[in-house]
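Step one of this worksheet: look at the structure below.
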Amino acid sequence: MTQHLAELLMYVAPEPIRQANERWLALILERLGATRRDAEGLSLMDLWLSPNLLLTQTCGYPLMTALRGKVRVLGRPRYELPDSSAGNHCSLILSRADDPRRTLADFHGSRGVINGEDSNSGMNLLRHRLAPLHRDGRFFAQVGISGSHRESLRWLREDRADLAAIDSVTFAYLAREAAEEVQGLRVVERSALSPTLPYITAASLSDEQAQEIRRVMNETLGDLPEVAQVLGLQEVLAADESDYQIVLDYQLQAQASGYGLLR
């Protein structure tokens, strides 16, 4: 029997979130009659582009750049969480609560931190929101790359950075399950809305196969109400690449204003 890659790695913390995703994924694979292949050692890009990919989740920005036309979108999650609903989420632009600066404009010349240059929530949505405020193509005095949203939060708490954009789903999970990671921080502003992180499969799968995977994802979610509650996940909505064009529109709007590079 062919082994398939199936991993849900975009939201793996805190631990109850990882466990809920693993329970959901295990039942999906069982219902599909699929055997799970070990993904140990694979980078995210290798996972996303593997011809053996059955199911995973990616970010909207790499979907429309590095992965465009190379994977098939299965759908997008409809979370019902603070600042995430109806198939959309946003970024919460955060500072320390004791920082006297109150508006985004006040933070001009401050220290920024992003989780990665290819992140929609950590970089692209932040760039879009800051674009009207740049001066000669610059907003920050410096921008660090932390490697993850949780690490960006640590940078804020430890006064290694002043401003960060955090995916609203990640923030909701941490606020509920690991409140100490967001204590002492406050929301300065919210970004524009963006489609939630897409579920994808290999481009070689047919429309019918993709529809069946999405059907089973929703069926199993309905059979695991405690998992749905932990994840704040109501259903997997039908979606395709065109739903994520807005991600590139935000990039183009920032570039048109002279702020193509977040700095």
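The values are calculated or read from the model by the stated rules, or taken from the named source; none is laboratory data. Just so we're clear, the structure is a prediction, and the values are computed from it rather than from any experiment. Note: ideal-geometry Cβ built from the backbone for every residue, glycine included; neighbour counts use all protein chains shown. Remember, those area values only see protein heavy atoms, side chains included, never the ligands or the DNA or RNA. Shrake-Rupley method; radii C 1.70, N 1.55, O 1.52, S 1.80 Å.
Residue by residue through segment 144-174, note down the ones that are in contact (Cβ under 8 Å) with a residue 40 or more places away in the chain and in a loop (DSSP other than H, G, I, E, B).
Within segment 144-174, D159, R160, A161, D162 qualify.
In segment 35-88, how many residues are out of contact with any helix residue (DSSP H, G or I) (no Cβ under 9 Å at 6 or more places or on another chain), outside any loop (DSSP other than H, G, I, E, B), under 24 Å from R215 (Cα atoms) and open to solvent by 50 Å² or more (accessible area, probe 1.4 Å)?
Qualifying residue count, segment 35-88: 3.
If S204 passes every condition in (1) within 24 Å of L126 (Cβ to Cβ); (2) of a type in the set (S, T, Y); (3) surrounded by fewer than 22 Cβ atoms within 10 Å (Cβ to Cβ) but one, which one does it miss?
For S204, the exception is condition (1).
With respect to L221, determine if the residue is in a loop (DSSP other than H, G, I, E, B), of a type outside the set (D, E, K, R) and assigned by the TED database to the domain that holds L74.
Considered against the rule, which asks whether it is in a loop (DSSP other than H, G, I, E, B), of a type outside the set (D, E, K, R) and assigned by the TED database to the domain that holds L74, L221 comes out as no.
Return only the number of the condition from (1) of a type outside the set (S, T, Y); (2) touching a Cys at 6+ places or on another chain (Cβ under 7 Å); (3) crowded, with 20+ Cβ neighbours inside 10 Å that R190 does not satisfy.
Going through the list (1) of a type outside the set (S, T, Y); (2) touching a Cys at 6+ places or on another chain (Cβ under 7 Å); (3) crowded, with 20+ Cβ neighbours inside 10 Å, R190 breaks only (3).
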